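Okay, so here's the structure we're looking at.
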């Protein structure tokens, strides 16, 4: 079946979508860009897709959108590329409702992951995936962290952004206050911490805090934590990527809870 393609990025629907590449516009509208058939399919299942732009080779996700009452706009590859920041766009881009909530609306502090000044979208997306896999009750991005609705973060999260409550914009002090009010312990990973991750009790309500890629958790920020732990590294390596470190702490908490 052939489709009449929109070939101009000045099309009103395309232009509205392109504006969402700016953070200020995403915050003003409460809408975000989502790309890739897997992530769009997740958003469709949750009923949060507002619009869809597809090339003819993305007929599957376009049909799924139509079945849910979303009329796709068929576009040329060049128009789709104007909406995507991927080197090789995956055939479809959607506009979806932002899933972000304010930090005070986090309802469960059973196992919360806190990204403190984590700035790389790839790391943030990987941490979101780890949090979902670990069954985290929420993920919080503090002030100074990458925007969780940044298209690169959304793409790196592979749909995880829509599968766990995500809060953004709170300072670490506010997060600590909220955590302590809920009876949660704030634990961060630091290479020089005396206590090993495997000696810490992570079975109660817990906020796992990971710091900036370059300088980790600074001294004044560590003072907001209840405990810092180190990850044993017998090999000749001084540090781990923040997403690996965060995943290790999360899954040690999972292991302890499963083992009783």
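Annotations
- Enumeration of residues in region 222-243 that are surrounded by 15 or more Cβ atoms within 10 Å (Cβ to Cβ) and under 23 Å from residue 125 (Cβ atoms): 231, 240, 242, 243
- Summed over region 118-149, residues that are touching a strand residue (DSSP E or B) at 6+ places or on another chain (Cβ under 9 Å) and assigned to a helix (DSSP H, G or I) total 7.
- Close Cβ contacts (under 6 Å, 6 or more residues apart or on different chains) running from residues in region 234-260 that are assigned by TED's automatic domain parsing to the domain that holds residue 192 and part of a helix (DSSP H, G or I) to residues that are buried (at least 22 other Cβ atoms within 10 Å of the Cβ) and modelled with pLDDT under 95 comprise 245/189; 249/189.
- Subset of region 17-28 that is touching a residue at least 24 places away in the same chain (Cβ under 8 Å) and surrounded by fewer than 20 Cβ atoms within 10 Å (Cβ to Cβ) - its residue that is farthest from residue 88 (Cα to Cα): 23
- Here is the figure for region 195-210: residues that are closer than 18 Å to residue 103 by Cα and buried (at least 19 other Cβ atoms within 10 Å of the Cβ) total 5.
- Of all the numbered requirements in (1) surrounded by fewer than 18 Cβ atoms within 10 Å (Cβ to Cβ); (2) modelled with pLDDT of 95 or more, residue 77 misses one, and that requirement is (2).
- Candidates 177, 192, 173, filtered to the one that is free of Cβ contacts under 8 Å to residues at least 60 places away in the same chain and either part of a loop (DSSP other than H, G, I, E, B) or crowded, with 17+ Cβ neighbours inside 10 Å (or both): 192
The values are calculated or read from the model by the stated rules, or taken from the named source; none is laboratory data. Computed from a predicted structure; not experimentally measured. Because the Cβ atoms are built from the backbone with ideal geometry, glycine has one as well, and the counts that use them run over all protein chains shown.
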